[in-house]
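Beneath this line is the structure, given in C-alpha cells, with notes to follow.
Since every read-out is calculated from the coordinates, none of them should be taken as a lab result. This is a predicted model, so every value here is computed, not measured. Cβ placement follows ideal geometry from the backbone for every residue including glycine, while neighbour counts extend to all protein chains displayed.
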C-alpha cells in the first residue's frame with residue numbers, strides 16, 4: 001500500500017513539473033545555431049504565401065524572430081520585446097525597455113535574453129516576460145546574445161565584449177575591442193568569434209577572455225560571422241566578403257561584391273549566401289570564393305538569408321520576399337509583402353514564415 005501511495009505521489013509531482021515546463025525551444029537564436037549558419041531543420045514553404053495574421057507594433061521591426069512550440073518572440077524599435085501566440089497572433093506578453101531594441105531575442109532554458117539601446121542586456125522569463133536580471137553596459141546593445149553552457153556572450157557599442165553568467169547576470173570577463181560591436185558572435189570549440197566597426201574580426205578564448213587571433217579588413221563589419229568547413233565567413237562594408245581560417249585567423253580568400261555588405265551570411269553544403277546594398281544576391285563556393293550563381297533584385301538587401309532544405313529565403317528594401325532554389329538561383333516564388341523595408345531574416349516555424357518589417361507589422365505567412 002505504501003509503495004502504491006509513493007508511486008502515486010511521484011506521478012503527481014511529475015505531472016505538476018510537466019505542466020510547469022516551458023514549451024520546447026524550436027528556434028533558439030538569431031542565425032539559428034551556435035555557428036550562425038542560418039540553416040533551419042524544418043519543412044520549406046514552397047508555394048506563394050498568404051498572410052495568416054499580422055500584429056501591429058508602434059514602430060519599425062528589425063529584429064528577427066525566435067520561437068518555441070507555442071510562442072514567437074521578437075523585439076521592436078518601439079522599445080518593446082513581444083511574445084505572440086503562433087496560431088492566433090494574439091499577444092501573450094510584452095516587456096518594455098526604455099529605448100529602441102534591434103537585438104533578436106535568444107531563448108535558453110526557461111529564459112529569454114535580449115539587448116537594448118538603453119544600454120542593458122535583459123534576462124526575462126519566457127512564460128510571462130518577467131524580468132529576472134539586467135546587466136548595464138552603459139551604451140547601446142545592438143547585437144543579439146549567444147548563450148551556451150550557462151554563459152551569455154554579447155558585444156556592445158562601448159567597444160567591449162562580455163561573457164556573463166546566464167543564471168544571475170554577473171560578469172565573468174570582458175574583452176576590449178577596437179570598435180563598436182554590432183556583430184552576433186559565433187562559437188567554435190573554445191573560441192567566440194565576432195567582428196567590429198573598426199574592421200577587425202576577433203577570436204577570444206571563451207573561458208579566459210584572452211585574445212586567440214585577430215584579423216583586420218579595410219572597412220567595418222556589421223555582419224555576424226558564420227562558421228563552416230573550418231572557415232569564418234563574414235560580409236564587410238568595404239564591398240568584400242571574407243573567408244578566414246577559423247582556428248588561426250589566416251586570410252584564405254575574399255570576393256568583391258558590387259556594393260556594401262551588411263547582412264549575415266547563410267552557409268550549407270560548401271556554399272555561402274548573402275546579399276548586397278545594390279540588391280544582388282550571391283552564392284559562392286566556400287573553398288574558393290568563386291561565384292556559383294547570382295540573382296538581381298530591385299532594391300537593397302538588408303535581410304540576412306535563411307536556408308530551409310533546398311530553399312533560401314530573404315527580403316529587400318522594397319518589401320519583396322524571395323524564395324530561391326539555393327542550388328540554381330531560380331525563383332521558387334516572389335511575394336510583395338509590404339511597402340515597408342524588410343530588414344529581418346525570414347524564419348519558418350510550425351509551417352508558418354515569420355518576420356517583421358518597417359511598416360510596423362509582424363507577419364505570419366502560410
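Considering the convex hull of the alpha carbon atoms of segment 245-322, report its projected area averaged over all viewing directions, in nm², one decimal.
5.3
Nearest 0.05, what FRET efficiency do residue 125 and residue 285 give at R0 = 41 Å with Cβ-Cβ as r? Numbers along the way, then the final one.
Numbers: r = 44 Å, r/R0 = 1.08.
The computed FRET efficiency comes out at 0.40.
Give me the one-decimal nm value for the distance between modelled label points at residue 256 and residue 330, 7 Å along each residue's Cα-to-Cβ direction.
3.3
Divide by every residue of the chain the summed helix terms, -39500 (n - 2.57) for each DSSP H run of at least 4, and state the resulting mean residue ellipticity at 222 nm, rounded to the nearest 500 deg cm²/dmol.
Numbers: 1 runs with 19 residues, N = 366.
Taken over the chain, the calculation gives -2000 deg cm²/dmol.
For segment 105-119 and segment 301-317, what is the centre-to-centre distance using only Cα atoms, to the nearest Å?
24
Among 104, 48, what is the fewest-to-most ranking by other Cβ atoms within 10 Å? Walk me through the intermediate numbers first.
Numbers: 104 25, 48 12.
Ordered by Cβ neighbours within 10 Å, fewest first: 48, 104.
What FRET efficiency would be calculated for the residue pair residue 294, residue 366, taking the C-beta separation as r and a Förster radius of 30 Å, to the nearest 0.05?
Numbers: r = 30 Å, r/R0 = 0.99.
After rounding to 0.05, the efficiency reads 0.50.
Given the convex hull of the Cα atoms of segment 41-175, what is a quarter of its surface area in nm²?
Numbers: hull surface 35.2 nm².
Taking the Cα atoms of segment 41-175, their convex hull projects to 8.8 nm² on average.
Sort 276, 144 by Cβ crowding within 10 Å, fewest neighbours at the top.
Working: 276 24, 144 28.
Starting with the residue having the fewest Cβ neighbours, the order is 276, 144.
State the percent of C-alpha pairs, over all pairs in segment 25-77, separated by a distance greater than 12 angstrom.
On the way: 1020 of 1378 pairs.
Tail of P(r) above 12 Å: 74 percent of Cα pairs.
If each residue's Cβ is checked for other Cβ atoms within 10 Å, how do 231, 330, 214 rank with the fewest at the top? Show your work: numbers first, answer last.
On the way: 231 22, 330 10, 214 13.
Final ranking by Cβ density, sparse to dense: 330, 214, 231.
Compute the distance in nm between two label points, each set 7 Å from the Cα along the Cα-to-Cβ direction, one at residue 94 and one at residue 165.
3.4
Between residue 189 and residue 310, what length comes free when the chain is fully extended (0.36 nm per residue of separation minus the Cα-Cα distance, one decimal in nm)? Each step should come with its number before you reach the end.
Numbers: separation 121, 0.36 × 121 = 43.56 nm, distance 2.82 nm.
Taking residue 189 through residue 310 to full extension adds about 40.7 nm, to one decimal.
Give me the Kirkwood hydrodynamic radius of segment 279-366 in Å, from all C-alpha pairs, to one decimal place? Show your work: numbers first, answer last.
Working: mean 1/r = 0.0754 Å⁻¹.
It works out to 13.3 Å.
Between residue 173 and residue 149, what is 0.36 nm times their sequence separation minus the Cα-Cα distance? Round to one decimal in nm.
Numbers: separation 24, 0.36 × 24 = 8.64 nm, distance 1.52 nm.
Extra length from residue 173 to residue 149 when fully extended: 7.1 nm.
Whole number please: convex hull volume per residue of the Cα set in segment 263-305, in Å³? Intermediate results must be reported in sequence, preceding the final value.
Numbers: hull volume 2.5 nm³, N = 43.
Dividing the Cα hull volume of segment 263-305 by its residues yields 58 Å³.
So how long is each side of segment 124-212 along the principal axes, counting just the alpha-carbon atoms, biggest first, in Å?
Dimensions of segment 124-212 along the principal axes of its Cα atoms: 39, 27, 17 Å.
Quote the convex hull volume per residue of the chain, based on C-alpha atoms, as a whole number of Å³.
Working: hull volume 50.7 nm³, N = 366.
About 139 Å³ per residue, rounded to a whole number.
Along its principal axes, what span do the Cα atoms of segment 216-366 show, with the longest given first and each in whole Å?
Here the Cα extents, ordered largest to smallest, are 42, 29, 23 Å.
How much length is gained on full extension from residue 85 to residue 278, taking 0.36 nm per residue of separation minus their Cα-Cα distance? Numbers along the way, then the final one.
On the way: separation 193, 0.36 × 193 = 69.48 nm, distance 3.59 nm.
Length difference between fully extended and current span is 65.9 nm.
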